């Protein structure tokens with residue numbers, strides 16, 4: 001029964017990940033039907049709409065699932081906490097760790113995922129800004145932190161915390177770099193820092209804010225460029 005329970009949770013999480021990525025499908029379909037390519041550029045606002053609307057709908061669906069999980073079983077006491085200056089400084093410290101990680105990995109080049117984003121950003125700045133800076137951080141934190149840990153890591157022990165941080169980071173890393181490469185290290189490392197932030201603060205808003213900051217600044221630079 002225990003094995004069947006774990007198989008069910010893995011299947012449920014796989015479905016959640018699939019749901020998370022569906023927000024990109026309308027944009028992909030519209031691009032292919034109209035043969036819109038980054039080289040041709042244009043149609044930025046139209047693509048922005050095709051990603052914003054499903055992004056909001058998928059976000060609401062994931063939020064509903066997350067709140068339902070917490071309402072049924074919340075041994076870690078996850079919930080809204082009072083936002084403080086100390087909490088802001090904690091997020092700033094975690095951001096510094098992610099920056100340092102990126103600086104080290106940058107010596108090896110640029111991940112394919114990031115190269116694709118840069119290419120698309122030059123053609124469709126509004127679309128990529130909405131996706132990278134606003135929609136993706138919320139959906140990915142709901143999926144890889146909130147729902148992932150509520151399914152697999154509900155015990156409040158040091159061993160469970162370590163397991164939650166490491167496994168959440170690895171799953172997040174593989175979703176962005178599904179190959180064994182040095183770039184998997186940066187995505188997994190970033191995922192672990194985000195996971196630690198969520199686990200430490202017990203409030204998903206902290207990891208969402210950190211994720212938004214990480215994505216927002218490069219997106220803003222690319223947008224104006």
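Rounded to the nearest 500 deg cm²/dmol, what is the calculated helix-only ellipticity per residue at 222 nm for the chain, with -39500 (n - 2.57) per DSSP H run of length n ≥ 4? All intermediate terms of the calculation are to be shown ahead of the outcome.
Values: 11 runs with 168 residues, N = 225.
One gets -24500 deg cm²/dmol as the mean residue ellipticity at 222 nm.
For segment 21-109, the square roots a ≥ b ≥ c of the C-alpha gyration tensor eigenvalues yield an a/c of 1.5 or more together with a/b not exceeding b/c, which makes the shape oblate. Between segment 178-197 and segment 63-98, the alpha-carbon centres lie 20 Å apart. When each of 64, 36 is scored by the number of other beta-carbon atoms lying within 10 Å, the sequence from fewest to most is 64, 36. Seen against the Cα atoms of the chain and their longest principal axis, helix 182-201 is set at about 50 degrees.
Label positions at residue 166 and residue 99, each projected 7 Å from the Cα along the C-beta direction, are separated by 3.0 nm.
To make sure I understand, if each residue's beta carbon is the centre and we count other beta carbons within 10 Å, what order do 156, 44, 73 fall in, fewest to most? Walk me through the numbers before you get to the answer.
Numbers: 156 12, 44 15, 73 9.
Final ranking by Cβ density, sparse to dense: 73, 156, 44.
Of 104, 165, 182, the residue with the greatest mean-square motion in the GNM of the chain, using alpha carbon springs below 10 Å, is 104. If a spin label sat at a point 7 angstrom from the Cα of residue 107 along the line to its beta carbon, the backbone N atoms of segment 169-203 nearer than 17 Å would be those of 182-187.
Shape class of segment 163-225 from the alpha-carbon gyration tensor: oblate, with a/c at 1.5 or above and b/c at least as large as a/b.
What is the angle, in °, between the Cα long axis of helix 204-224 and the longest principal axis of the Cα atoms in the chain? Nearest 10 is fine, range 0 to 90. Between the helix axis and the principal axis of the chain, the angle is about 10 degrees. Under the shape rule built on the C-alpha gyration tensor, where the axes satisfy a ≥ b ≥ c, the chain is prolate, since a/c reaches at least 1.5 and a/b is greater than b/c. Between residue 90 and residue 122, residue separation times 0.36 nm minus the direct Cα-Cα distance comes to 8.2 nm.
Cut-off 10 angstrom, C-alpha nodes, Gaussian network model of the chain. Which of 185, 29, 118 fluctuates the most? Checking each option, the largest mean-square fluctuation is seen for 29. A simple spin-label model places the labels of residue 200 and residue 44 3.7 nm from each other, with each point 7 Å out along Cα-to-Cβ.
Note the angle between two axes, namely the Cα long axis of helix 44-72 and the longest principal axis of the Cα atoms of the chain, as a number of degrees from 0 to 90, rounded to the nearest 10. The angle comes out near 10 degrees.
Readers should treat all values here as calculations from the given coordinates under stated rules, not as data from a laboratory. Every value quoted in this text rests on a predicted model; they were computed, and no experiment measured them. Using ideal geometry, Cβ is built from the backbone for each residue, glycine included, and neighbour counts are taken over all protein chains shown.
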